[in-house]
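Novice: Okay, here's the structure, questions in a sec.
The values are calculated or read from the model by the stated rules, or taken from the named source; none is laboratory data. The structure displayed is predicted, hence computed values, not measured ones. Note that each Cβ is placed from the backbone with ideal geometry, even for glycine, and that neighbours are counted across all protein chains shown. Ligands, DNA and RNA are stripped out before the accessible areas are found, and what is left, the full protein with its side chains, is counted by its heavy atoms. Shrake-Rupley method; radii C 1.70, N 1.55, O 1.52, S 1.80 Å.
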Amino acid sequence: MDKAVKHVVIVGGGSAGWITAARIAAKNNTGSADGVAVTLIESETIGTIGVGEGTWPTMRNTLRKIGITETEFVRACDAAFKQGAKFVQWTDGTPEDGYYHPLNPPQGATQANLSGYWERSRQTHGLDFADAVDFQAALCEAGLAPKSITSPEYAGIANYAYHLDAVKFANLLRDHSVSKLGVTHIIADVTEILQSEDGDIASVKTKQGHHIEGDFFIDCSGFAALMIEKVYGVPFIDCNDVLFNDHALALQVPYHTEEAPIASHTISTAQDAGWIWDIGLPTRRGTGYVYSSRHTTHDAAETVLRRYLGSVSDGLTPRLIKIRSGHRQTFWVNNCVAIGLSNGFLEPLEASALMLIETAVDMVADRLPENRSAMAILSAQFNNAFTHHWARIIEFLKLHYVLTKRTDTAFWRDNCDPATIPQVLQDQLKLWRHHPPTAQDFPHHREVFSWPSYQYVLHGMRFETALGQGRTTQEETLNGTRFFAAAEALRQKTLRELPKNRDLLDKIKAFGLQTV
Amino acid sequence: MSRPAIVPLNSQRHRNVRLCDGIDVSTSLAANHAWLGLDEVQLAVCDYPVAFLKDAQTGQFVLMALFGFDPQQNCFVHGNSWHATFVPRSILLRPLALVGAPLTLALDEASPLVQGQSGKRLFDPAGLETDFLTNIRAGVSTMLETFQAAHRFAKACSAHGLIKPLLLDLTDIQGGSRRIEGLYQISQTALQELAEADVLALHRDGFLQTIYAMIHSLGQINRLQQLSNATDHIGIKHVEMSLIA
């Protein structure tokens with residue numbers, strides 16, 4: 001009765017499908033006779049969305065677990081290093097308005113919370129929070145890489161993630177999964193999904209005549225949500241009332257010259273009715289305007305995007321993408337789990353799409369259910385975790401909007417309407433006026449955005465606190481002096497020693513990185 | 001304006017330069033290590049610790065002999081002479097050196113070996129290369145071939161996962177301590193775990209003897225410590241070597 005899980009069937013390719021296939025296969029001996037079989041079915045006719053082009057540092061571990069070298073990855077995916085994000089004109093919209101959310105935690109983050117000391121000593125040092133507590137913002141500003149050609153694979157001097165070409169990334173994962181990890185790849189259109197009496201999915205049929213049986217089904221079919229919605233009818237929880245952006249105009253643009261610098265951070269520039277992303281790859285920039293159609297028109301949005309890009313956008317046509325912000329009410333039903341866009345999607349403000357795929361895959365691949373009865377418990381864990389993650393991510397994205405001092409357009413004014421702010425976030429903001437964010441505010445054992453991220457955004461956007469009036473203890477002064485000095489020393493050293501982002505990428509293509 | 005000391009060879013600029021015999025121990029080219037060709041390892045290990053380091057320009061492993069612990073320290077130079085049974089080719093080439101990309105033969109114009117009116121000419125009065133320089137160039141191309149062989153050796157070791165970071169932790173007699181990073185060595189553990197076919201392939205390629213010579217050369221770290229302590233450097237009490245698995 002308790003059926004062993006011997007065959008995992010993934011419906012849908014793209015980044016979600018192939019990360020899932022590769023991680024499960026690499027972890028569960030798929031290439032060998034006693035391993036778990038993995039089959040991925042994808043349609044040739046449905047293209048990938050291909051806008052998830054920013055990763056988190058977690059991607060380094062994911063790639064390592066899959067068995068792809070960093071050299072191979074950089075060469076195959078037109079990838080570049082990403083050290084965080086710069087938010088331009090989010091706070092007051094003036095030309096000099098901008099702050100960094102670097103990927104490095106503040107110096108000494110495991111030992112001290114530097115918010116209070118920073119506020120109280122601002123008059124003396126005059127530094128932005130990110131510059132006071134860490135050195136990475138300076139690297140971004142100087143266009144430097146987070147590592148050098150002598151750094152080993154996946155190791156950095158500063159913490160880092162990637163910008164990548166999502167289509168090339170899916171191709172690399174596919175080739176690796178099929179040739180090295182033993183994943184079976186079927187190109188076909190799923191026409192029918194068959195259930196057994198207990199409601200489990202038993203098999204899928206394709207237009208091309210396949211009939212594929214499986215024990216565990218993973219819905220990576222994107223917005224189509226072939227299983228989680230079409231079979232199980234799980235409702236979609238829309239969060240458009242909190243996050244207003246519902247469209248994006250995406251456009252890939254060339255550099256002016258082949259040697260143009262590659263920014264080593266995502267640049268997010270606030271606009272009248274949303275914001276523009278700007279992601280530097282070695283061969284092109286990926287850009288797009290994410291906006292609220294309640295606050296602007298598509299034509300006006302295109303004008304804004306073209307004005308931002310200047311002449312490089314001449315003769316190019318942006319692609320209109322509809323964003324349905326939200327997530328499923330539940331994610332794992334019976335023997336079927338949704339990963340990727342079928343699970344949920346939000347505007348790409350903090351590059352959460354690929355990270356959420358990795359988070360889901362970590363749970364599914366590292367503890368692939370041994371048998372059907374284990375799924376009851378594992379699915380409850382998964383559903384609890386994702387319910388939690390979506391709520392926290394929505395709050396964290398909303399944080400970027402509610403801290404604005406902009407009142408110039410309805411978009412920004414509406415974003416600060418308390419009726420659109422989740423209660424948890426409202427409560428936290430009250431708390432954080434007097435107590436800086438700490439780990440205590442985020443009790444989940446694996447929190448997607450940890451307290452230092454909140455620090456960077458709150459202080460970056462000049463959130464008013466009462467911390468400046470508090471007393472400074474001797475310990476705070478000692479820690480503050482010590483860690484600010486550490487940040488300054490590392491800034492001097494790394495600015496001197498690290499190469500330009502493009503120069504390092506060129507060298508990796510020419511020589512490769514060593515494994516040690 | 002001070003002139004750069006190391007200048008690419010030029011028949012106009014260097015027409016009247018004369019080069020004396022001897023080993024150039026001047027400071028312009030001084031470093032605490034020198035690259036080795038593959039065929040030099042067996043001889044070099046009689047005097048020096050031999051390890052890998054990463055070429056700062058390419059990140060590729062190169063073979064090198066270590067002469068001292070501090071960046072400019074050379075424990076084998078006393079006064080104007082080099083006390084060792086074997087001196088690497090790249091040192092013997094001095095005051096000529098290969099610089100830049102692509103590698104170009106250059107001269108350290110500040111070297112004491114090129115200051116006088118004695119010695120052999122590099123160019124004749126008409127600006128043509130002398131036989132002396134032609135022979136040097138032949139030696140340089142041999143040296144580059146042995147660097148290439150060293151590169152193939154390092155690639156093979158790296159592909160088999162044999163190369164690991166080597167840390168040197170130095171404690172001095174005043175109680176100070178420092179760590180020297182950036183060196184890499186063959187891991188005996190990794191070597192022992194190699195599959196038989198891989199060991200045989202390394203042997204057939206002539207790499208196995210070099211591997212063992214390198215492992216044994218780590219004993220020379222203690223000699224380096226003794227030599228360093230014989231100079232006016234702050235005495236080193238202890239050197240802890242650790243290979244990061």
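Novice: Compute the distance in nm between two label points, each set 7 Å from the Cα along the Cα-to-Cβ direction, one at A:Ala300 and one at A:Ser196.
Specialist: Output for this residue pair reads 5.6 nm.
Novice: Using a probe radius of 1.4 Å on protein heavy atoms only, what is the accessible area buried between chains B and A, both sides summed, to the nearest 100 Å²?
Specialist: 900
Novice: How many Å² of accessible area per residue for the range A:68-169, probe 1.4 Å?
Specialist: 31
Novice: Charges only on Cβ, +1 for Lys and Arg, -1 for Asp and Glu: so what's the dipole of the range A:175-222 about the Cα centre, in debye to the nearest 20?
Specialist: 320
Novice: Given B:Phe207, A:Gly93, A:Ala374, which one lies farthest toward the positive end of the charge dipole of the protein assembly as shown, if we put +1 on the Cβ of every Lys and Arg and -1 on the Cβ of every Asp and Glu?
Specialist: Towards the positive end, the residue furthest out is B:Phe207.
Novice: A further question on this structure: What percent does the relative contact order of the range A:1-106 come to when contacts are Cα pairs within less than 8 Å and at least six residues apart?
Specialist: So the answer I get is 20 percent.
Novice: Another question, if that's okay. Using modelled amide H (1.01 Å from N, peptide plane; none on Pro or chain starts), what sits under 5 Å from the amide H of A:Ala145, excluding residues fewer than 5 places away?
Specialist: A:Lys500, A:Asn501
Novice: In addition: Using only the Cα atoms of the range A:366-488, what do you get for the radius of gyration and for Dmax, in Å?
Specialist: 19.1, 58
Novice: Could you check how much of the accessible area of the range B:1-93 is carbon and sulfur, as a whole percent, using a 1.4 Å probe?
Specialist: That fraction is 54 percent.
Novice: A further question on this structure: Can you give me the distance in nm between label points at B:Leu194 and A:Ala33, each placed 7 Å from the Cα along the Cα-to-Cβ direction?
Specialist: It works out to 3.1 nm between the two label points.
Novice: Cα axis of helix A:423-432 to longest principal axis of chain A: angle in degrees, 0 to 90, nearest 10?
Specialist: The angle comes out near 30 degrees.
Novice: Tell me, what % of the accessible area of the range B:120-179 is carbon and sulfur with a 1.4 angstrom probe?
Specialist: Here it works out to 55 percent.
Novice: Further, regarding this structure: Out of residues 5 or more away from A:Ile10 or on other chains, whose amide H comes under 5 Å of its own, with H placed 1.01 Å from N in the peptide plane?
Specialist: Here the answer is A:Thr39, A:Leu40, A:Ile41, A:Ile218, since their amide H atoms fall under 5 Å of that of A:Ile10.
Novice: For the range A:171-213, what is the largest minus smallest coordinate of the Cα atoms on each principal axis, given in angstrom and ordered from greatest to least?
Specialist: Projected onto the principal axes, the Cα atoms of the range A:171-213 cover 37, 22, 12 Å.
Novice: Something else: Can you tell me the dipole magnitude for the range A:239-295 around its Cα centre, using point charges on the Cβ only (Lys, Arg +1; Asp, Glu -1), in Debye to the nearest 20?
Specialist: 60
Novice: Same structure, new question: Once Lys and Arg get +1 and Asp and Glu get -1 on their Cβ, which of A:His247, B:Ala31, B:Leu9 lies farthest toward the positive end of the dipole of the protein assembly as shown?
Specialist: About the Cα centre, the residue reaching furthest to the positive side is B:Leu9.
Novice: Would you be so kind as to identify which of A:Val333, A:Ile276, A:Tyr308 lies farthest towards the positive end of the dipole of the range A:273-342, taking Lys and Arg as +1 and Asp and Glu as -1 on Cβ and the Cα centre as origin?
Specialist: Among A:Val333, A:Ile276, A:Tyr308, the one farthest towards the positive end of the dipole of the range A:273-342 is A:Val333.
Novice: Turning to a different aspect of this structure: How much of A:Val183 can a 1.4 Å solvent probe reach, expressed as accessible area in Å² and rounded to 10?
Specialist: Probe radius 1.4 Å; accessible area of A:Val183 about 10 Å².
Novice: Next up: Ranked highest first by the average count of other Cβ atoms within 10 Å around their residues, in what order do A:268-275, A:416-423 fall?
Specialist: Most protected by this proxy first, the peptides run A:268-275, A:416-423.
Novice: Here is a follow-up. Looking only at the range A:12-46, which residues have a backbone nitrogen under 20 Å from a spot 7 Å from the Cα of A:Arg367 in the C-beta direction?
Specialist: Only A:20-21, A:23-29, A:36 fall inside the zone, counting backbone N under 20 Å.
Novice: List, by residue number, every residue in the range A:490-516 with a reduction of 20 Å² or greater in accessible area between the chain on its own and the complete protein assembly, 1.4 Å probe.
Specialist: A:Lys507, A:Phe511, A:Gln514, A:Val516
Novice: Also: What is the magnitude of the charge dipole of the protein assembly as shown about its Cα centre, with +1 placed on the Cβ of each Lys and Arg, -1 on the Cβ of each Asp and Glu, and no other charges, expressed in debye to the nearest 20?
Specialist: With Lys and Arg at +1 and Asp and Glu at -1, about 1040 debye.
Novice: Something else now. Would you jot down the residues in the range B:37-72 that end up with at least 20 Å² less accessible area in the complete protein assembly than in the chain alone, with a 1.4 Å probe?
Specialist: B:Lys54, B:Ala56, B:Gln57, B:Thr58, B:Gly59, B:Gln60, B:Phe61
Novice: Given chain A, report the % of alpha carbon pairs whose separation exceeds 36 Å.
Specialist: That fraction is 33 percent.
Novice: Indicate the residues belonging to the range A:144-166 that lose 50 Å² or more of solvent-accessible heavy-atom surface (probe 1.4 Å) upon moving from the chain alone to the assembly of all protein chains, ignoring ligands and nucleic acids.
Specialist: A:Thr150
Novice: Specify whether the C-alpha gyration tensor of the range A:91-208 places it in the rounded, prolate or oblate class, a ≥ b ≥ c being the square roots of the eigenvalues: rounded for a/c under 1.5, otherwise prolate if a/b is larger than b/c and oblate if not.
Specialist: It is prolate, given that a/c is not under 1.5 and a/b is the larger ratio.
Novice: Using a 1.4 Å probe on the protein heavy atoms, what percent of the accessible area of the range A:398-516 belongs to carbon and sulfur?
Specialist: 54
Novice: Which whole-number percent gives the relative contact order of chain A, counting Cα pairs below 8 Å spaced six or more residues apart?
Specialist: Across chain A, relative contact order equals 25 percent.
Novice: Hey, another quick one. Can you list residues from other chains, or at least 5 along the same chain, whose modelled amide H is less than 5 Å from the amide H of B:Ile6?
Specialist: B:Glu109
Novice: Between B:Ile234 and B:Leu92, 0.36 nm times their residue separation minus their Cα-Cα distance comes to what?
Specialist: Between B:Ile234 and B:Leu92, full extension yields an extra 48.2 nm.
Novice: Additional query: Could you run the Karplus curve 6.51 cos²θ - 1.76 cosθ + 1.60 with θ = phi - 60° over the range B:53-58 and give me ³J(HN,Hα) per residue in whole Hz, x for Gly and Pro?
Specialist: Result, ordered by residue: 9, 9, 4, 4, 7, 10 Hz.
Novice: Compute the angle between helix B:220-229 and the longest alpha-carbon principal axis of chain B, please, reported from 0 to 90 degrees and rounded to the nearest 10.
Specialist: Value to nearest ten degrees: 60.
Novice: Starting from the residue with the highest accessible area, list A:Glu488, A:Glu119, A:Glu475 in decreasing order, probe 1.4 Å.
Specialist: Output order, biggest surface exposure first: A:Glu475, A:Glu488, A:Glu119.
Novice: Ok, one more. When only alpha-carbon atoms are used, what values of Rg and Dmax, in angstrom, describe the range A:1-146?
Specialist: 22.0, 71
Novice: Using each residue's phi in the range A:476-484, evaluate 6.51 cos²θ - 1.76 cosθ + 1.60 at θ = phi - 60° and report the 3J(HN,Hα) Karplus result to the nearest Hz, with x for Gly and Pro.
Specialist: 4, 5, 4, 4, x, 4, 5, 6, 5
Novice: Could you give the Stokes-Einstein D for the range B:96-201 in µm² per second, using the C-alpha Kirkwood radius, 37 °C, 0.692 mPa s?
Specialist: Here the translational diffusion coefficient equals 176 µm²/s.
Novice: Quick check of the Kirkwood formula: for chain B, what is the inverse mean of 1/r over all pairs of different Cα atoms, in Å?
Specialist: Mean inverse Cα-Cα distance, inverted, gives 19.6 Å.
Novice: Where does each of A:442-451, A:400-409 land if you order them by average Cβ count within 10 Å, highest first?
Specialist: Descending packing order for the listed peptides: A:400-409, A:442-451.
Novice: Can you tell me the mean projection area, over all orientations, of the convex hull of the range A:285-395's alpha carbons? Units nm², please.
Specialist: The number I arrive at for the range A:285-395 is 8.8 nm².
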